[in-house]
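Just below is one structure, and these are the notes that go with it.
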Number of protein chains: 2
Amino acid sequence: MSAQVKEPLSGPVWTVRELADELGVTTRTLRFYEAEGLLAPLRVGTSRRYTARDHTRLVLILRGKRFGMSLPEIREILEMYDGVDSGAATGERAQLTSLIERLGQIRADLQARRDDLDRTLAEVETVVLGCRRRLVELEEEDQR
Amino acid sequence: MSAQVKEPLSGPVWTVRELADELGVTTRTLRFYEAEGLLAPLRVGTSRRYTARDHTRLVLILRGKRFGMSLPEIREILEMYDGVDSGAATGERAQLTSLIERLGQIRADLQARRDDLDRTLAEVETVVLGCRRRLVELEEEDQR
DNA sequence: TCGTCTCTTGACGTTTACGTCAACGTCAAG
DNA sequence: CTTGACGTTGACGTAAACGTCAAGAGACGA
């Protein structure tokens with residue numbers, strides 16, 4: 001077993017509202033993500049207590065969403081994130097290598113998306129240049 | 001009026017199926033995009049004829065979608081794309097400058113998305129490294 | 001002329017990612 | 001002890017982006 005430092009059992013915690021307000025989502029969204037297996041807050045009675053882990057995951061979730069990842073896609077990455085330092089489950093070498101392979105696919109996918117994004121950015125720049133050029137044309141027409 | 005070169009009136013054209021198959025979408029999608037004002041194929045009788053312009057726009061649409069742009073967002077960019085070299089409509093300097101300003105916002109938005117994407121890519125790399133490290137640990141455990 | 005193909009326009013169904021109630025528990029302040 | 005403020009679980013509604021029929025028009029080879 002790798003030397004794991006047991007958390008002091010009580011780090012910072014958030015209520016639904018606190019976490020929702022801090023990261024700019026609704027409580028409904030948090031409960032929805034929990035139902036989808038993306039978050040797993042503790043319970044005090046019936047009430048949810050979100051830990052730093054949930055906080056981190058939510059940041060990652062929102063980040064992924066902003067450039068078009070679906071919740072299932074995001075969940076897959078989060079689960080891999082768990083899998084690794086929790087000892088890769090009963091993860092022998094085979095598990096780990098297939099995990100690495102899958103991560104390679106994911107990386108390729110993300111890089112493809114970034115290429116698309118960059119190309120679109122380039123297009124936008126082209127339009128800007130077109131606008132500027134047109135402006136110059138107007139100036140010249142005026143000065144004649 | 002800027003010197004416009006009238007297209008030879010007949011460049012390459014596609015039927016729905018041809019265009020759909022070439023870019024990997026369904027005909028339904030093409031008609032949907034048309035209804036949303038993203039494409040505007042010619043008509044021969046009741047039948048659609050997609051031109052190079054439609055082809056180009058569809059490429060841009062699909063590109064934008066891949067990293068999370070909504071159809072309204074994409075449409076806005078496409079319309080700007082038109083607006084510029086079609087003389088910016090009745091676009092005086094004011095129109096052009098506000099257009100450039102809007103394009104600046106869009107560029108900032110896209111760059112923010114790319115930052116999120118890059119951060120996510122970095123996270124994925126971190127997980128990969130974790131996997132590799134774990135693999136090395138297993139090797140060491142074996143050799144003892 | 002008869003299928004067969006491909007096209008057309010509705011119109012309703014589906015999935016994702018939540019929004020929006022309703023109805024109820026609970027806990028501290030007044 | 002009641003009143004909010006905050007929490008909970010359903011359950012249904014909704015917007016975006018198409019999917020999936022249904023029913024019919026037009027062309028085209030046998």
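Observations, loosely collected:
- Positive-end residue of A:SER47, A:THR26, A:VAL124, charge dipole of chain A with Cβ unit charges: A:SER47
- Pairwise burial B:A, computed as accessible area of each alone minus the pair, summed, 1.4 Å, Å²: 4400
- In the stretch A:1-68, the portion of solvent-accessible area held by carbon and sulfur atoms comes to 56 percent [1.4 Å probe, whole percent, DNA, RNA and ligands not counted].
- For the pair B:GLU140 and B:LEU23 in one chain, pulling the backbone fully straight at 0.36 nm per residue adds 37.1 nm over the alpha carbon distance.
- Applying the Karplus relation 6.51 cos²θ - 1.76 cosθ + 1.60 with θ = phi - 60° to the stretch A:53-65 yields 3J(HN,Hα) values of 4, 4, 4, 4, 4, 4, 4, 5, 4, 5, 4, x, 4 Hz, where x marks Gly and Pro.
- Fluctuation leader among A:GLY11, A:GLY83, A:GLY130 - chain A, Gaussian network, Cα springs under 10 angstrom: A:GLY130
- Here chain A is treated as an ellipsoid with the same Cα gyration tensor; its semi-axes, largest first and in whole Å, are 44, 24, 12.
- Across the stretch A:1-68, the fraction of Cα-Cα pairs farther apart than 19 Å, rounded to a whole number, is 34%.
- Residues of the protein assembly as shown: accessible area per residue with a 1.4 Å probe, Å²: 61
- Anisotropy class of the stretch B:87-144 from Cα gyration tensor, a/c 1.5 cut: prolate
- Counting, for every residue in B:74-82, the Cβ atoms of other protein chains within 10 Å of its Cβ and taking the mean gives 2.
- Loop GluC sites (Glu not before Pro), the stretch B:33-113, which have at most 16 other Cβ atoms in a 10 Å radius of their Cβ (DSSP): B:GLU36, B:GLU92
- Axis-nearest residue of A (beta carbon) for the A-onto-B rotation, whole Å: A:GLY68, 1
- At 0.692 mPa s and 37 °C, Stokes diffusion of the protein assembly as shown via Kirkwood alpha-carbon radius, µm² per second: 142
The values are calculated or read from the model by the stated rules, or taken from the named source; none is laboratory data. Because the structure is predicted, anything quoted here is derived from the model rather than measured. Please note: Cβ atoms are built from the backbone with ideal geometry, for glycine as well, and neighbour counts cover all protein chains shown. Ligands, DNA and RNA are stripped out before the accessible areas are found, and what is left, the full protein with its side chains, is counted by its heavy atoms. Shrake-Rupley method; radii C 1.70, N 1.55, O 1.52, S 1.80 Å.
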